[in-house]
1. Can you list residue pairs whose Cβ atoms sit under 8 Å apart, with the first residue in segment 222-242 being under 23 Å from residue 131 (Cβ atoms) and at pLDDT below 95 and the second being part of a loop (DSSP other than H, G, I, E, B) and within 12 Å of the ligand (Cβ to nearest atom)? Count only pairs 6 or more apart in sequence or on different chains.
2. Pick out, from segment 191-293, the strands (runs of 3 or more DSSP E) lying fully within it that include 2 or more residues that are within 16 Å of the ligand (Cβ to nearest atom) and crowded, with 17+ Cβ neighbours inside 10 Å.
3. Of all residues in segment 53-73, how many are more than 13 Å from the chain's Cα centre (by Cα) and either buried (at least 21 other Cβ atoms within 10 Å of the Cβ) or under 20 Å from residue 308 (Cα atoms) (or both)?
4. How many residues are under 29 Å from residue 149 (Cα atoms) and of a type in the set (Phe, Trp, Tyr) when one looks only at segment 82-134?
5. Within segment 296-315, can one find any residue that is part of a strand (DSSP E or B), crowded, with 16+ Cβ neighbours inside 10 Å, among the small types (Gly, Ala, Ser) and away from the ligand (no atom under 15 Å from the Cβ)?
6. Could you figure out which of (1) in contact (Cβ under 8 Å) with a residue 24 or more places away in the chain; (2) crowded, with 21+ Cβ neighbours inside 10 Å isn't true of residue 100?
7. Is there a residue in segment 94-106 that is among the β-branched types (Val, Ile, Thr), within 16 Å of the ligand (Cβ to nearest atom) and touching a helix residue (DSSP H, G or I) at 6+ places or on another chain (Cβ under 9 Å)?
8. Can you spot a residue in segment 357-370 that is under 34 Å from the mean Cα position of the chain (by Cα) and either surrounded by fewer than 15 Cβ atoms within 10 Å (Cβ to Cβ) or outside any strand (DSSP E or B) (or both)?
Amino acid sequence: MAKILKLNEISEVANKEFPAGYEFSADVKAPDGIMLRSFNMHEYPLNDELLAVARAGAGTNNIPIPACTEKGIVVFNTPGANANAVKELVICELFLGGRKIVDAIEWVKTLKGTEGLSKAVEKGKSKFVGHEITGKTLGVIGLGAIGVAVANAAAGLGMKVLGYDPYLSVSGALHLDTRVEVVGLETVLKNANFITVHVPLTPDTEKMFNADTFAKMKDGSVLINNSRGELADSAAVLAAVESGKLERYITDFPSDDLIGAKNVICVPHLGASTPEAEDNCAAMAARELVDYIENGNITHSVNFPDVCAPRASAARVCVMHENVEGVISKITSAVSAAGINIANLLDKSKKDKAYMILDLDSKPSDKVVKEIEALDKVIRVRVFA
Ligand code: MLT
């Protein structure tokens, strides 16, 4: 039975998803699977038995993806499972971006014990006049599950919404409110009063908000970043806030230089901190691990293609391989040469890696499996019978 190591506290609902006999604890040795939230795995040993790592959340920058990929370890995330929680925080931050509510609440605290309090309140409140969001333009950068949810909710609140995503999926497009206009990045930067960013942190997106980006934005705009702190260059943010280019910067990722800066609101990474989101993420991550461990099915992986089919034949062989010419035919030839009929074959690639599910009419011998394992460009082979 499989052993799953948890590297963070994970909602109890995950337990219900594991078949009887699975071990799921923080003390597991030589795990088949790992489940984590924000634990930094970059220096963590990857044992040879490890088949998969599942992040109960969207971002995977705390996981050494290239090292996992090279060892044939599938990395899963849980797209959409915390989308509602993050969407609700963004909606709250849109209001905090338009109105000076945070500063005003702090100011009211200074009035404790004041004689004639209501007069003092009425006199001082003019410093905290703000804007409404209805009728303003919101730019949503990244239209994955969270971006789409935010865009639709903002359209419902009467904002004009411009969305940008060079990798917009068919599902994302289908779920997008018809009032959301999908445009180029420059159009978003030029026209938005508010911008919210929902993209993963990668070498391409790191510091995507920098002095050049801010120069293209409207004066007095509001930037909301609940994705990862490194998407914005802090020094450029502080300069933009200082010059008035940004009226406010709101982030779920505090850094020392941002804390306490005027017109910067730092939230302590609360985007997905609701029991509802934690339950959803834990259950989805557990289901992904179980389906991979038990059936070889891959759903929502960030480093291997999604390849998934119901089990319908006597045996299944799953082969992880390099995405290069000739490998598929060598694998199928090894099976056919052993006189085994291939009932179904699925093979998909993601960048330079590929994954094959071969459903067979009979179980291949150890010799055939060893032959496939020995093929050049084959990374990992698993057999289910
Ligand atoms: C995510 O990556 O899903 C969010 O930042 C929330 C989290 O890290 O748990």
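The values are calculated or read from the model by the stated rules, or taken from the named source; none is laboratory data. This one's a predicted model, so the numbers in the text were calculated from it and none came from an experiment. Note: ideal-geometry Cβ built from the backbone for every residue, glycine included; neighbour counts use all protein chains shown.
1. No pair meets every condition.
2. Fully inside segment 191-293 and qualifying: 194-197, 221-225, 246-251.
3. 5
4. Number of matching residues: 1.
5. Within segment 296-315, one or more residues are part of a strand (DSSP E or B), crowded, with 16+ Cβ neighbours inside 10 Å, among the small types (Gly, Ala, Ser) and away from the ligand (no atom under 15 Å from the Cβ).
6. Looking at each condition in turn, residue 100 falls short on (2).
7. No: zero hits.
8. Filtering segment 357-370 down to residues under 34 Å from the mean Cα position of the chain (by Cα) leaves 357-359.
Right, trim to either surrounded by fewer than 15 Cβ atoms within 10 Å (Cβ to Cβ) or outside any strand (DSSP E or B) (or both) and you get none.
Among the residues of segment 357-370, not one is under 34 Å from the mean Cα position of the chain (by Cα) and either surrounded by fewer than 15 Cβ atoms within 10 Å (Cβ to Cβ) or outside any strand (DSSP E or B) (or both), which makes the answer no.
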